[in-house]
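Taking it in order: structure first as structure tokens, then the write-up.
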Amino acid sequence: MEHTSLLERILRGIALTLVVIFFMFPIVWILMMSFQTNETILRIPPQLVFKPTLANYTALITGKLTTAAGTLDIAFMRNLWNSVFLSVTSVAVALLLGVPAAYAFARHKFRGSEDIAFTLLSFRFAPALLVLLPLTLYFQKLGLANTYIGLIWVYQLICLPLILWIVRGYFEDIPADIEYAYRIAGHSWFATFRKIALPLAGPGIAAAGLLAFIFAWNNFIFALVLASADKQPVTVGALAFITSSGIQYGQISAAIVLSITPTLALALYAQRYLVEGLSLGAVKG
Amino acid sequence: MASLELRNVVKRYKSQTVLDNLSLSVADGETLVLFGPSGAGKTVLLRLVAGVIDPDEGKIFIGGEDMTDLDAEFRGVGMAFQNFALFPHMTAFDNIATPLQAKRSSQSAMKAGVESVAKLLKIGHVLSHKPRALSNGQKQRTALARALVGSPPVLLLDDPLRNVDAKLRFEMRLELPRLLADRGATVVYVTQDYKEAMALGDRIAVMSQGVIKQLGTPEQIYREPANIEIARLFGDPTINLLDVKPSRDAKGIYVGLSNVQVHLTGAYDATVGRDCVIGLRPEALRFVDEGTSAAIPVTVEAETPLNEKIVTLVRTVRGREILVSRPAGTAGQTEGRAHIAVDGKSALLFDRANGDRIGSKNVVNLRSGEAA
């Protein structure tokens, strides 16, 4: 155990508190805003004590937004479902395609393999808007504009390179001898992939999947351009709260709280696997 | 059971030739030790036989069948890796059971098979542990058990004792020959330890830079090494190597060591006047009384008792250092001036220019696959 004086511990506590406050403040503030009406939010000076209301959440869940100018229909729950569906499906497709590809790139050095891997990575270099203009035209011709399939396809630009490159590193970290040993024991390469490579790269695959999910969830620009209202995820759907009669801060906050909950829950759940993955690498030998 | 044959095998990595037109055959049930420094191509050779890497040229036969293009899982060999290569996410039991699983053995047969081999290797009590919880010795035995469990006709052991401590290595060196003989398998055993090679091999193939430099019984390799390099690798303490130029007199060929003529027995006629190196095993030298014929005067520099033997470093009048080894408990000079005698029969003579032993009969030219 490290030897620390009382003063040191107090100072460390203060420092940690400051860091936590700094990073948690926006989230806490949004959480508080989500329980307030626009009037209490916009009060000057802002006050910490208020009478909480669930009006924002009810509005979101029922889909009826009451503003000064009348009642508006909003598709927030629909957007939330779109987000879940698009992110989950995109990550699933990316894992299905990316993990075997990563294994191939890690284990088999074929002609042009580095070039192909790099090309896939380079999708992440191009500004999204640059890709989007021609893509929109193509998609309209192909009938893919405003379809889930089209969106999931475009989301592969986000998910696939990420998963491919992260998982490839994990596969490369598995000593080849372990796989050879399984082959020599009499198992096919596919059995080796399934029983040895996949479980050993498991934490890496989980980490890559989680990251890809967060990126897909947070994506805004692809869905903004390529999807209409009924296919839009929350990131785009939140624009609806900027109404003609003002910005609905309360509802935006409630929407943010609802939309970060799934990713936050997933991250917290997957955290122990991530940690396990890191420590597994540390004692390799 | 099965014999094993490699025919004109070539393996290159980029521009580097790792195995250079190598041919080798191992008889059914024989234990062949591949011995050589790291980078000699021993492990590559083993992996070619196992089928995890493919040769660029040449053929590999197991049990008379051409296995060159067959994937590893169809070759029916067992292999233990130097780094154990245990599956970290499986228990020792599951690790050992993998070859039986591949054969689709029943649960009970699998259990019986694993437990019998585990008992043989004394790891029965750790079968439920994951590799992380095993000691190095247990890991090594688990890896060995995995190689043995399916009773493969060909066993490939890649320096399995490299990463275990000295005590265990010694124990295993005693146990392994019986274990391997009981199995009746054809064994290829890779090692860098000459004692292991001598203890385990029916024959030893000494490899260097992708070719087999000498192939013979442990006895042959020790008594008749093909060249200086091999003579130096086998034996502890190392062989004494002294530059000499043989001459001839009425009694035959002799070399001058510190102005003393030491006569050699053997067909060394062609060496007269040539630059040679004489190799004298430390145990072939002995301390003698002054006045004995052909006694070489030396000064004792240092003495190292090594339990079963005593090694003495002596210096000749010309300043050359020589090691003399004698069994512990025997008399010998411990300090000051002394005399040593050379056994002319056991002396080895090498050509200084190319390092080859002169008069060696059993140097096999394996480069083209023909015994010369």
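Please treat every number below as a calculation from the coordinates, not as lab data. Just so it is clear, the model here is predicted, and its values are computed rather than measured. Positions of Cβ are backbone-derived with ideal geometry, glycine not excepted, and every protein chain shown enters the neighbour counts.
List every residue whose amide H lies under 5 Å from the amide H of B:Glu303, counting only residues 5 or more places away in sequence or on a different chain, with H placed 1.01 Å from N in the peptide plane.
Those qualifying (amide H under 5 Å, at least 5 residues apart or on another chain) are B:Leu313.
For B:Arg203, B:Arg47, what's the fewest-to-most ordering of other Cβ within 10 Å of each Cβ?
Arranged by neighbour count, lowest to highest, B:Arg203, B:Arg47 become B:Arg203, B:Arg47.
Once label points are set 7 Å from the Cα along Cα→Cβ at both B:Arg104 and A:Ile149, what is their separation, rounded to one decimal in nm?
Simple spin-label model gives 3.9 nm for this pair.
Taking each residue in B:71-81, count the Cβ atoms of any other chain within 10 Å of its Cβ, then average. What number comes out?
5
Over the Cα atoms of the stretch B:4-226, what Rg and Dmax result, in angstrom?
So, for the stretch B:4-226, Rg and Dmax equal 17.2, 52 Å respectively.
Going by how many other Cβ atoms sit within 10 Å of their own, how do B:Leu45, B:Leu161 line up, fewest first?
B:Leu161, B:Leu45
May I ask you to work out the translational diffusion coefficient for the stretch A:132-285 at 25 °C, viscosity 0.890 mPa s, via Stokes-Einstein with Rh from the Kirkwood sum over Cα pairs, reported in whole µm²/s? Working shown, then result.
Details: Rh = 18.6 Å.
Approximately 132 µm²/s, per Stokes-Einstein.
Note the direction-averaged projected area, equal to a quarter of the hull surface, for the Cα convex hull of the stretch A:5-147, in nm².
With every direction weighted equally, the projected area is 18.1 nm².
Can you list, largest first and rounded to whole Å, the semi-axes you get for the stretch B:181-221 by taking the square root of 5 times each eigenvalue of its Cα gyration tensor? Kindly include the intermediate steps, with their values, before the conclusion.
Details: eigenvalues 68, 27, 20 Å².
For the stretch B:181-221, the semi-axes come out at 18, 12, 10 Å.
So what's the convex hull volume per residue for the Cα atoms of the stretch B:65-187, in Å³?
Details: hull volume 13.5 nm³, N = 123.
Per residue, the Cα convex hull of the stretch B:65-187 comes to 110 Å³.
Binning every alpha carbon pair distance of chain B at 20 Å from zero, what are the percents per bin?
Bins of 20 Å from zero give 26, 46, 24, 4 percent of pairs.
Just add up the charged neighbours of A:Asp177: K/R +1, D/E -1, any other residue whose Cβ is under 11 Å from the Cβ of A:Asp177.
0
Using only the alpha-carbon atoms of chain A as identical scatterers, what base-10 log of I(q)/I(0) does the Debye formula give at q = 0.07, 0.12, 0.14 Å⁻¹?
Here the Debye-derived log intensity ratios amount to -0.39, -0.94, -1.10.
For the protein assembly as shown, what is one quarter of the convex hull surface built on the Cα atoms, given in nm²?
Mean orientational projected area (the protein assembly as shown, Cα hull): 46.1 nm².
Give me the inter-chain shielding for A:174-180: mean count of other chain Cβ atoms within 10 Å, whole number please. It would help to have the intermediate numbers written out before the result.
Values: counts 1, 5, 3, 10, 8, 4, 9.
Partner Cβ neighbours, averaged per residue: 6.
With only alpha-carbon atoms counted, please give the Rg and Dmax of the stretch B:227-353, in Å.
14.3, 43
Ignore the peptide's own chain and count Cβ atoms of other chains within 10 Å of each Cβ in B:6-18; give me the average, rounded.
Numbers: counts 0, 0, 0, 0, 0, 0, 0, 0, 0, 0, 0, 0, 0.
Averaged over the peptide's residues, the number is 0.
Pull out the extension gain between B:Ala181 and B:Arg223, defined as 0.36 nm times the separation in residues minus the alpha carbon to alpha carbon distance; nm, one decimal.
Computed gain between B:Ala181 and B:Arg223 is 12.6 nm.
Need one number: nm distance between label points at B:Asp71 and A:Leu96, each 7 Å from Cα along Cα→Cβ, rounded to one decimal.
2.3
Work out the FRET efficiency for B:Asp275 and B:Asn83 from their Cβ-Cβ distance, taking R0 = 35 Å, and round it to the nearest 0.05.
Plugging the Cβ-Cβ distance into 1/(1 + (r/R0)^6) gives 0.20.
Using only C-alpha positions, report the orientation-averaged shadow area of the convex hull of the stretch A:48-124, nm², one decimal.
9.8
List the pairs from B:Lys195/B:Lys245; B:Lys119/B:Lys213; A:Lys109/B:Lys59; B:Lys167/B:Lys213; B:Lys42/B:Lys167; B:Lys59/B:Lys213 whose alpha-carbon separation is above 28 Å, in the order I gave them.
B:Lys195/B:Lys245; B:Lys119/B:Lys213; B:Lys167/B:Lys213
When the helix-only estimate is applied to chain B (DSSP H runs of n ≥ 4, each -39,500 (n - 2.57), divided by the residue count), what is the mean residue ellipticity at 222 nm, nearest 500 deg cm²/dmol?
When only DSSP H runs of four or more count, the value is -6500 deg cm²/dmol.
How much net charge surrounds A:Leu95 when only other residues with a Cβ under 15 Å from its Cβ are counted (Lys, Arg +1; Asp, Glu -1)?
+2
Need the list of lysines near B:Lys345 for cross-linking: C-alpha distance under 16 angstrom, and skip anything on the same chain fewer than eight residues off.
In chain and number order, the partners are B:Lys251, B:Lys361.
Testing the spin-label approximation: label points 7 Å from Cα along Cα→Cβ at A:Asp173 and B:His125. State their distance in nm.
Distance between the two pseudo-spin positions: 3.5 nm.
With 10 angstrom as the radius, rank B:Lys111, B:Lys119, A:Lys51 by how many other C-beta atoms surround their C-beta, starting from the fewest.
A:Lys51, B:Lys119, B:Lys111
Any idea which of B:Gly332, B:Ala267, A:Phe85 is furthest toward the positive side of the dipole for the protein assembly as shown, if Lys and Arg beta-carbons carry +1 and Asp and Glu beta-carbons -1?
Going by the Cα projections, it comes out as A:Phe85.
When the Debye formula is applied to the Cα atoms of the stretch A:6-73, each taken as the same point scatterer, what base-10 log of I(q)/I(0) results at q = 0.11, 0.27 Å⁻¹?
Listed by q, the Debye log ratios stand at -0.44, -1.14.
Looking at chain A, which longest stretch skips every one of the chymotrypsin sites (Phe, Trp or Tyr not before Pro) that is in a DSSP loop with at most 10 other Cβ atoms within 10 Å, leaving the sites themselves out?
Between exposed loop sites, the widest span is A:126-285.
Report the local net charge at A:Gln248: Lys and Arg +1, Asp and Glu -1, summed over other residues whose C-beta lies under 15 Å from its C-beta.
For residues surrounding A:Gln248, the net value is -1.
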